[in-house]
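Single-structure report; data block below.
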Amino acid sequence: MSGRRAGGLERWVPSLRTLREYRRDWLGRDVVAGLVLTALLVPVGMGYAQAAGLPPITGLYATIVPLVVYAVFGPSRVMVLGPDSSLAAVIAAVILPLGGDDPETAVALAGALAVLTGLVILVAGLARRGSTGPPWPSG
């Protein structure tokens with residue numbers, strides 16, 4: 001694989017660069033950090049799902065899946081990504097009036113909300129509308 005092509009792929013999948021530059025002495029601390037993060041985020045994510053009117057198991061998926069996706073596509077090796085209490089309130093405000101008492105409908109609506117949010121973030125990233133600078137040309 002040529003350097004130019006590898007650089008292009010690493011732009012879209014930053015974890016490839018991390019793997020290429022990974023040092024063996026980081027492994028022990030990374031494993032401990034992953035276990036601690038999992039021990040903290042899994043119950044929190046499940047609790048927030050329940051607070052949003054969803055079955056607690058959906059919080060497990062909402063916690064683990066974004067972490068795995070961010071580990072592959074995220075630009076930072078040290079950033080922590082997970083659910084927070086403000087999201088629970090927003091999800092509840094959107095889902096509960098539409099989902100009623102049916103947990104399956106609530107889960108489907110929350111999933112659709114997550115996918116739409118992800119698409120908006122993806123489009124914003126592709127349009128370079130992130131935190132790297134102002135959304136208008138300078139000068």
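Does the stretch 109-126 contain any residue that is at pLDDT 80 or above, more than 19 Å from the chain's Cα centre (by Cα) and not in a loop (DSSP other than H, G, I, E, B)? No: zero hits. For the stretch 81-97, the candidate set comprises residues that are surrounded by 13 or more Cβ atoms within 10 Å (Cβ to Cβ) and either at pLDDT 85 or above or within 14 Å of the chain's Cα centre (by Cα) (or both); within that set, the residue that is farthest from THR38 (Cα to Cα) is LEU87.
For first residues located in the stretch 101-125 and touching a residue at least 40 places away in the same chain (Cβ under 8 Å), partners that are part of a helix (DSSP H, G or I) and lie 6+ apart or on another chain with Cβ distances below 7 Å form the pairs ALA106/ILE95; ALA106/GLY99; VAL107/THR58; ALA110/THR58; ALA110/ILE91; ALA110/ILE95.
Pairing each residue of the stretch 18-41 that is closer than 17 Å to TYR70 by Cβ with any residue that is hydroxyl-bearing (Ser, Thr, Tyr) and surrounded by 10 or more Cβ atoms within 10 Å (Cβ to Cβ), provided the two are 6+ apart or on different chains, yields C-beta distances under 9 Å for ASP30/TYR22; THR38/THR63; LEU41/THR63.
The values are calculated or read from the model by the stated rules, or taken from the named source; none is laboratory data. Note that the structure is predicted; figures quoted are calculated from it, not measured. Cβ sites come from the backbone with ideal geometry, for glycine too, and all protein chains shown count toward neighbours.
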